[in-house]
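See below for the structure under consideration.
The values are calculated or read from the model by the stated rules, or taken from the named source; none is laboratory data. Just so we're clear, the structure is a prediction, and the values are computed from it rather than from any experiment. Positions of Cβ are generated from backbone atoms using ideal geometry, with glycine treated the same way; all protein chains shown enter the neighbour counts. Just the protein is used for accessible areas: all its heavy atoms, side chains included, with ligands, DNA and RNA removed. Shrake-Rupley method; radii C 1.70, N 1.55, O 1.52, S 1.80 Å.
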Amino acid sequence: MIRHPRPEPVELPEAMLDKMRGIQPASLGHYLTTGIVSPQVRPLVAGKLLGRAVTVRQPLPDALPVHLVLDELRAGDVLVIDRAGDHHVACVGEMVARAAKAAGAAGIVVDGIVTDIEELQELGLPVYARGLNVVTTRVLDVPGAELFGPVIIGDVIVRTGDLLFGDANGLLRLDPCDPALGGLVDRAVADENREVEWRQRIAAGESLADLNGSRARVADRP
């Protein structure tokens, strides 16, 4: 097993994180072209997810890497597991989810399969995965796994320390070092505030094409 150095987290303003907790990831997704995780990795346990990635690459059906990284989780972390194309053997079930929750994890993201869905839903920790199965990993202690290195989740490269932001609609990977992130969050907050008024105006009979400028954009075209 390869253990990469774990980078120290980039500290983000608490005020910005509070704003993110109050908006939908889709409000940021309107403005993004990268970091949008494939919808094949979907929320199996609902709930807003916001936290820092802690990554595991687990190409073989060996439970050991995930069991070890659980002891490395800090409050607010998101356990992120890349199964390297194995969409058959479940690497997360009730006990892994319980351990992650006890460590203060914000959620679990698996590019692969999980199990024990009833128990996971009862725990309430947000879980994203490709699906469910009844076959699970087991402790094999074989080479091939990596901790804290870059992984691929739903066609997106995720690194330990990246910010993951998701809800029932999907999942985003955000770079905490991006100097534009704060401005993007402010723009999304403004959009959602404007939508409060638009709901009332649409209910009163106004046209969405008028409100969002679509009609004005094409008004002068022949």
* **HN-Hα J in Hz across the range 87-93 - Karplus 6.51, -1.76, 1.60, θ = phi - 60°, x for Gly and Pro** => 10, 10, 9, 6, 10, 10, x
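With every protein chain present, what is the per residue accessible area of the range 103-222 (1.4 Å probe, Å²)?
On the way: 6340 Å² over 120 residues.
In whole numbers, the range 103-222 has 53 Å² accessible per residue.
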* **Distance between the range 179-222 and the range 1-75 - C-alpha centres, whole angstrom** => 30
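Based on the mean of other Cβ atoms within 10 Å per residue, sort peptides 203-210, 119-126 so the most packed one is first. If you can, show how the numbers build up before the last one.
Working: 203-210: 9.8, 119-126: 16.9.
Highest mean packing first, the order is 119-126, 203-210.
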* To do: Report the local net charge at Arg201: Lys and Arg +1, Asp and Glu -1, summed over other residues whose C-beta lies under 13 Å from its C-beta.
  => -2
* Asked: Quick one: Karplus J couplings for the range 50-58, per residue in order, coefficients 6.51, -1.76, 1.60, θ = phi - 60°, nearest Hz, x for Gly and Pro?
  -> 8, x, 9, 6, 10, 9, 9, 9, 10
* Structure fact -> Sorted by chain and number, the residues with a modelled amide H under 5 Å from that of Val45, at a separation of 5 or more or across chains, are Val127
* Structure fact -> For Val78, the residues 5 or more places away or on another chain with a placed amide H closer than 5 Å to its own amide H are Arg52, Ala53, Val54, Ala106
* Rotationally averaged projected area of the range 111-221 (alpha carbon convex hull; nm²) -> 12.7
* Asked: At a probe size of 1.4 Å, how large is the accessible area of His30, to the nearest 10 Å²?
  -> 130
* With each pseudo-label sitting 7 Å past Cα toward Cβ, what's the Val135-Leu17 distance in nm, one decimal? -> 4.0
* **For the chain: relative contact order, % (alpha-carbon pairs under 8 angstrom, 6 or more apart)** => 30
* Take the Cα atoms of the chain, find their three principal axes, and give me the spread along each one in whole Å, biggest first. => 67, 36, 35
* Among all helices in the chain defined by DSSP H, which have a length of 27 Å or more along the axis from Cα atoms plus a Kyte-Doolittle mean of at least -1.0? -> 181-203
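If you take the beta carbon distance between Met1 and Ala75 as r and set R0 to 25 Å, what does 1/(1 + (r/R0)^6) give as a FRET efficiency, to the nearest 0.05?
0.50
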